[in-house]
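Structure incoming, see below.
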Amino acid sequence: MRRQLSLQAAAVTLMVALAFVVPLAILVKDQAADGAFTGAERQAENVARSMALRAPLPLDEADLAGLTTGGGVSHEISIVYPDGTVVGAPVPPGEDISAAQDGTAGRVLVSDGGVVYLPVIGSDGATSVVRVHVPQGEMTAGVGRAWLILAALGAALVLIAVLIADWIGRSIVRPVADLSDSAAKLGAGDLGARVTPDGPAEIHGLGVEFNRLAGQIDQLLLSEREAAADLSHRLRTPMTALRLDVEALEEGEARERVVDDLAALERTVDYVIEQARRGSRTSLPTERVDIAAVSRDRLAFWGPLAEDQGRQVLAATPGASAVVAMDEDEATVMLDALIGNVFAHTPEGAPLGLSLLVRDDDILIAVEDGGPGFPDAGVLERGRSEGSSGLGLDIARRSAVAAGGDLRVGSSKRLGGSLVAIRLPLASD
């Protein structure tokens, strides 16, 4: 915008300057020529007065030389008498002086400057002509310097206009740029991004409204986080009652399984509360976790349920560690969301597969099943699912993105059902 304003100001000022400078330059040239002619006319009048004083005797070369060596500018002066005699500078051949001989004074432009003609009528009625030649250099004396001054003045006006336009543009662009940067920060999750209202009244008002909007967004997100944390906290009361009921059960494998499930539920609730109060994440987490170890642990957790439902579990998890930028609770929730989807959306007996492929810079986690598969790619949209909350895949996707990776869905060639592939970059030391 600053550049456009400067260019527009330069163009407009240049046109205005040309509209004044060009006529002024022509006027300066005309004034210089008129001044030279005026001086020549004065000399011609001096010669005419001398002729009148010497009448009826004509002026000779010596008399004319005395008249032209006085003060001021001297020109080539000629006197053409009625009989054709020329005293002084010779008259160029072919020059027409008939109009002056008929009694008409005037100025005439010639190739090497200008000529002034002054008719002088004698006592006998005959007309003599005083001819004064004005050199070209005298007619243009000072014109070049005046034109340079005018050009410099025009350039200075254009420069001043550009500087003023740039200053005005800067006063507009700077607050707009600050507003754009703050909007980008707010969009990236920096809820503390604000601007200092500045600039013209309209942009100043826009900055004020932006700060107000950012404050409202911050307040809404805070209320949402607190509501999620409060809701999760309310689950502790029924979970406490459930734990008391479980502890009253007889010892056995079923009781231990319920205790493990209840412990996992408590960890999940604690994770939800922590994430709600943490707010938006704008950078990669600083925590590190061995995703391979977490995968083996989650397979062990879901294994008994898979066995009860007659599901074949095809696992391929490396024994070596695969460290990624994610905390353990989030990794657990991510894998549980994907594995839990298999149990929730496929019939009992459908096989389950979990495989990890460690590559040079990242790790690929694949969860697949032998169910009916995904209806379309829209299952990744938050809340879009049939028969459930539709949040499982979105939770896993958000966890993967927060760790610098991504999530994709497709069809499993091995089991014939759905395939969810997560790519996570390996954490650097």
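Throughout, read-outs are computed from the coordinates displayed, never taken from laboratory work. Keep in mind that what you see is a predicted model, and the values were worked out from it rather than measured. Cβ placement follows ideal geometry from the backbone for every residue including glycine, while neighbour counts extend to all protein chains displayed.
Suppose the chain between ARG359 and SER321 were pulled fully straight at 0.36 nm per residue; how much longer would it get relative to their current alpha carbon spacing?
The span from ARG359 to SER321 would gain 12.5 nm if fully extended.
Given the DSSP H assignment, sum -39500 (n - 2.57) over each helix run of at least 4 residues in the chain and divide by its residue total; what's the result at 222 nm in deg cm²/dmol, nearest 500?
-19000 deg cm²/dmol
Got a sec? How would LEU14, LEU393, LEU148 order by Cβ neighbour count within 10 Å, fewest to most?
LEU148, LEU14, LEU393
As a footprinting exposure proxy, order ASP327, ASP60 by other Cβ within 10 Å, with the fewest listed first.
Listing ASP327, ASP60 from fewest to most nearby Cβ atoms yields ASP60, ASP327.
Also, quick follow-up: For ARG414 and ASP245 in one chain, what is 0.36 nm times their gap in residues minus the Cα-Cα distance, to one decimal in nm?
Answer, rounded to one decimal: 56.6 nm.
Can you classify region 100-208 as rounded, prolate or oblate using the Cα gyration tensor, where a ≥ b ≥ c are the square roots of its eigenvalues, rounded means a/c under 1.5, and otherwise it's prolate if a/b beats b/c and oblate if not?
In terms of gyration-tensor shape, prolate.
Just going by the charge dipole of region 146-234, with Lys and Arg at +1 and Asp and Glu at -1 on Cβ, which of LEU186, LEU222, ILE160 is farthest out on the positive end?
ILE160
Next up: Between GLU307 and ALA177, what is the FRET efficiency for a Förster distance of 56 Å, r being their Cβ-Cβ separation, to the nearest 0.05?
Here the calculated transfer efficiency is 0.35.
Given Cα pairs under 8 Å that are at least 6 residues apart, what percent is the relative contact order of the chain?
Computed value for the chain: 11 percent relative contact order.
Please state the shape class of region 146-234: rounded when a/c is under 1.5, otherwise prolate if a/b exceeds b/c and oblate if not, all from the C-alpha gyration tensor.
Cα axes put region 146-234 in the prolate bin.
Multiplying the sequence separation of ILE164 and VAL143 by 0.36 nm and subtracting their Cα-Cα distance, what value in nm do you get?
Length gained between ILE164 and VAL143: 4.4 nm.
Sticking with this one: If you take the square roots of the eigenvalues of the alpha-carbon gyration tensor of the chain and sort them as a ≥ b ≥ c, do you get rounded (a/c under 1.5), prolate (a/b over b/c) or oblate?
Prolate is the answer for the chain, as a/c is 1.5 or above and a/b outweighs b/c.
Moving on. Quickly work out the ASP124-to-ALA227 label distance, labels modelled 7 Å from Cα along the C-beta direction, and quote it in nm with one decimal.
Computed distance between label sites ALA227 and ASP124 equals 12.5 nm.
Now for a separate question. Hey, quick one: spin label on VAL208, modelled 7 Å out along Cα-Cβ, who in region 164-199 has an amide N within reach, i.e. under 14 Å?
196-199
What is the order of ASP34, ASP83, fewest Cβ neighbours within 10 Å to most?
Lowest to highest Cβ neighbour count: ASP83, ASP34.
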